[in-house]
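This report refers to the structure that appears directly beneath it.
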Amino acid sequence: MMNLGLKSQADTILAECASHTYDLSDEEKKVNYEKIKALKDPNDDLKKKVIPFNPVEEQAPFVLE
């Protein structure tokens, strides 16, 4: 809206949005963190998997016959 020359209207909307924020309590943060941890798949751990990279052949063209 600011690019369209409507700076005052945009400032009003931004101020209204900033006044309606919701802060989570520590208990709500803990509950949400536990929910996120429960969604994690233990079999999907990329830190332990060895992903083969071929840096020597990285720039090699793939040719079809």
Members of segment 1-54 that are at pLDDT below 80 and in contact with a helix residue (DSSP H, G or I) (Cβ under 7 Å, 6 or more places away or on another chain): MET1, MET2
Quick count over segment 1-44, residues being more than 20 Å from the chain's Cα centre (by Cα), in a loop (DSSP other than H, G, I, E, B) and surrounded by 10 or more Cβ atoms within 10 Å (Cβ to Cβ), is 2
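The values are calculated or read from the model by the stated rules, or taken from the named source; none is laboratory data. Please read these numbers as outputs of a predicted model, since none were measured by experiment. Here Cβ is always computed from backbone atoms with ideal geometry, including for glycine, and neighbour counts include all displayed protein chains.
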